[in-house]
């Protein structure tokens with residue numbers, strides 16, 4: 001299935017035309033209207049934005065549309081003569097992006113900036129002109145979404161553009177709202193691009209934009225983006241899930257009967273409520289299919305959605321459901337009393353009828369539903385009542401904890417590659433826990449975070465002196481993973497510093513960057529030196545087995561007289577990798593891949609590189625490499641991957657399986673190749689495993705035993 005057909009199929013399978021409002025035919029017609037100009041006088045609303053204005057007035061009846069009119073006139077004049085790859089006038093793109101935001105309920109300032117969002121980037125309009133005509137807020141939003149030029153930044157343009165947008169979002173979340181709508185429309189029209197470009201854009205969308213949409217609570221955008229990325233990167237799985245959906249919807253909807261029963265129960269109880277069916281989107285169906293081992297019942301293609309007026313009504317509905325049906329207690333979650341970190345509020349439950357058929361039910365108020373769909377976009381202008389601080393930076397009441405953390409660590413990630421990798425890793429951790437510190441404060445951390453992560457979140461670089469921790473009154477190692485609701489007491493000792501092992505237990509980018517900077521400034525403490533683990537509750541070191549011991553026969557040699565040679569475990573070089581060496585404790589020369597971050601750190605610290613070269617003969621012990629597979633989680637994935645590795649005649653020394661995040665999993669393997677040329681064939685074999693969408697070499701980390 002081609003990307004164009006896949007994207008069109010997403011539209012057909014989800015019925016998103018109602019949400020989008022404008023079809024391709026509509027956009028072509030508006031494109032012509034834009035080129036011909038508006039009928040009537042100077043102050044009349046142009047025909048091209050009449051639909052946008054109608055949708056906007058539906059959310060904001062008293063909105064002043066003059067700014068929209070003036071923004072459209074400037075955008076249309078500036079983009080006149082420009083065309084998209086699809087052949088449509090370029091102005092159709094800002095029109096479509098603005099309509100997406102209008103349907104989500106964005107306020108006028110956001111829509112004004114949306115119409116102008118590409119003018120500074122692609123036309124002769126300047127930021128100063130935008131500011132003069134539309135004010136400082138619109139100027140800020142347009143600047144925030146304007147890309148950095150590749151001619152100035154080269155390969156770093158994309159990561160540095162995202163860094164710029166994140167910083168701007170930290171001061172105004174509406175910047176990212178516009179970027180998400182912009183990416184959604186670009187994904188809808190991605191079929192005109194070359195397949196390799198489609199895949200690259202889809203990969204970045206999945207790694208960065210979709211997690212950001214999740215964190216900002218914009219589920220309406222997130223789910224559509226997910227389906228489009230799924231269709232492009234996994235067309236066969238997408239087609240299979242969509243076929244299941246088409247087969248399901250060709251028959252009577254089994255949830256209709258349950259919905260009628262629920263309506264009757266609530267009516268008899270005197271509770272005013274709307275009861276509807278919320279269909280799963282394509283990726284959700286695929287995940288459910290994997291979770292159920294390939295079999296889906298009729299009620300698993302959707303959930304019931306109950307909308308009421310007040311918070312108290314939600315609990316009244318819950319009481320009736322649990323009284324008149326059999327509740328599945330394990331499925332109950334109260335996100336009203338404890339909202340998710342992305343503003344989401346609802347009651348989740350599941351009920352069984354007398355035949356044992358289970359139906360999932362969501363209960364929320366209408367306002368909660370707006371926020372669940374549109375997230376921060378539904379909150380309007382967050383600065384109408386917010387005061388400016390003394391330094392001129394506005395306080396954003398909608399800024400969530402995860403964004404504050406991103407803004408903290410990005411300042412220390414001066415290298416674009418470090419920032420880009422850290423951003424993607426941070427966004428892959430999509431659940432928050434709350435930890436209480438011993439001094440009475442609270443802190444939000446990503447799920448899986450350790451005491452080390454909490455230390456850096458609480459104390460910044462002072463956390464270097466942390467030597468131990470107590471969790472819920474018990475002494476634990478610093479590598480201990482924290483759980484939601486834990487109480488943490490950190491033990492500090494002046495003059496101490498982080499162990500290199502901390503990197504293996506630090507999950508947040510802020511902690512990893514801070515630790516790496518300290519170790520770079522203290523090269524004698526690098527992992528190559530193998531210092532003993534610190535006492536006092538420090539993070540424990542993994543035990544080395546006999547097969548992990550250094551080979552008897554070196555695979556590389558150095559010109560340094562009498563020096564032993566060994567391969568660095570951090571980057572696991574193999575022939576024909578370009579390599580360099582550094583003298584470590586005892587006079588041994590550690591061999592690193594030339595692009596290993598440790599090389600730049602040690603060079604910057606004044607360490608002299610040593611010339612090393614590969615031996616021509618194959619050593620008896622083989623070559624050690626660390627590879628990572630990224631996949632959609634499913635049963636037996638670990639078994640299938642290890643079988644694929646073994647079939648290539650490759651030995652597995654250690655494996656690490658990270659907890660699934662939104663059904664995505666990472667498997668990291670330290671392997672021993674019989675000869676270096678086997679690596680390419682191995683990675684191809686791993687990519688052929690169903691569900692695996694990427695395999696690449698990575699830096700080694702302390703490994704835990706894999707659990708199937």
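Out of the strands (runs of 3 or more DSSP E) lying entirely within the range 604-692, which hold 2 or more residues that are more than 27 Å from residue 425 (Cβ to Cβ), touching a strand residue (DSSP E or B) at 6+ places or on another chain (Cβ under 9 Å) and modelled with pLDDT of 80 or more? So that I can check it myself, show each step before the final result.
On the way: elements: 612-614, 623-632, 651-657, 664-673.
Ranges flagged: 612-614.
Residues of the range 342-352 being over 25 Å from residue 326 (Cβ atoms) and either crowded, with 19+ Cβ neighbours inside 10 Å or not assigned by TED's automatic domain parsing to the domain that holds residue 259 (or both), which ones?
If the condition is that a residue be over 25 Å from residue 326 (Cβ atoms) and either crowded, with 19+ Cβ neighbours inside 10 Å or not assigned by TED's automatic domain parsing to the domain that holds residue 259 (or both), then 342, 343, 345 are the ones that fit.
Return the only residue of 144, 87, 154 being within 30 Å of residue 367 (Cβ to Cβ) and free of Cβ contacts under 8 Å to residues at least 40 places away in the same chain.
Checking each option against the conditions leaves just 144.
Conditions (1) in contact with a strand residue (DSSP E or B) (Cβ under 8 Å, 6 or more places away or on another chain); (2) exposed (fewer than 15 other Cβ atoms within 10 Å of the Cβ); (3) within 27 Å of residue 251 (Cα to Cα), marked per residue:
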{"position": "265", "(1), (2), (3)": "no, no, yes"}
{"position": "270", "(1), (2), (3)": "no, yes, no"}
{"position": "290", "(1), (2), (3)": "yes, no, yes"}
{"position": "306", "(1), (2), (3)": "yes, no, yes"}
{"position": "314", "(1), (2), (3)": "yes, no, no"}
{"position": "321", "(1), (2), (3)": "yes, no, yes"}
{"position": "338", "(1), (2), (3)": "no, yes, no"}
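This table checks each residue for (1) closer than 29 Å to residue 415 by Cα; (2) surrounded by 17 or more Cβ atoms within 10 Å (Cβ to Cβ); (3) outside the structural domain of residue 682 (by TED's automatic domain parsing).
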{"residue": "591", "(1), (2), (3)": "yes, yes, yes"}
{"residue": "594", "(1), (2), (3)": "yes, no, yes"}
{"residue": "598", "(1), (2), (3)": "yes, yes, yes"}
{"residue": "601", "(1), (2), (3)": "yes, yes, yes"}
{"residue": "628", "(1), (2), (3)": "yes, yes, no"}
{"residue": "645", "(1), (2), (3)": "no, yes, no"}
{"residue": "657", "(1), (2), (3)": "yes, yes, no"}
{"residue": "660", "(1), (2), (3)": "yes, no, no"}
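Here are the criteria: (1) more than 14 Å from residue 509 (Cβ to Cβ); (2) free of Cβ contacts under 8 Å to residues at least 60 places away in the same chain. Tell me which single one residue 449 does not satisfy.
Among (1) more than 14 Å from residue 509 (Cβ to Cβ); (2) free of Cβ contacts under 8 Å to residues at least 60 places away in the same chain, residue 449 violates only (1).
Which of the numbered conditions does residue 571 fail, given that it passes all the others? Conditions: (1) surrounded by 12 or more Cβ atoms within 10 Å (Cβ to Cβ); (2) closer than 22 Å to residue 516 by Cβ; (3) at pLDDT below 80; (4) out of contact with any strand residue (DSSP E or B) (no Cβ under 6 Å at 6 or more places or on another chain).
All conditions are met except number (4).
Identify all residues within the range 353-379 that are surrounded by fewer than 18 Cβ atoms within 10 Å (Cβ to Cβ) and on the phi > 0 side of the Ramachandran plot; write none if there are none.
Listed by number, the list holds a single entry, 356.
What number goes with the only condition from (1) outside any helix (DSSP H, G or I); (2) in contact with a helix residue (DSSP H, G or I) (Cβ under 8 Å, 6 or more places away or on another chain) that residue 248 does not pass?
(1)
Can you tell me which residue among 285, 363, 371 is in contact (Cβ under 8 Å) with a residue 40 or more places away in the chain and in contact with a strand residue (DSSP E or B) (Cβ under 6 Å, 6 or more places away or on another chain)?
On the way: 285 fails: in contact with a strand residue (DSSP E or B) (Cβ under 6 Å, 6 or more places away or on another chain); 371 fails: in contact with a strand residue (DSSP E or B) (Cβ under 6 Å, 6 or more places away or on another chain).
The unique qualifying residue is 363.
Determine, yes or no, whether residue 288 is at pLDDT 90 or above and either assigned to a helix (DSSP H, G or I) or under 23 Å from the mean Cα position of the chain (by Cα) (or both).
no
Going through the range 478-498 one residue at a time, which ones are under 29 Å from the mean Cα position of the chain (by Cα) and under 16 Å from residue 515 (Cβ atoms)? Talk me through it step by step, then tell me what you get.
Just the residues of the range 478-498 that are under 29 Å from the mean Cα position of the chain (by Cα), to begin with: 478-488, 498.
478, 479, 498, listed by residue number.
The values are calculated or read from the model by the stated rules, or taken from the named source; none is laboratory data. Here the structure is a predicted model, which is why all the values come from computation and not from measurement. Reconstructed Cβ throughout: ideal geometry from the backbone, glycine too, with neighbour counts over all protein chains shown.
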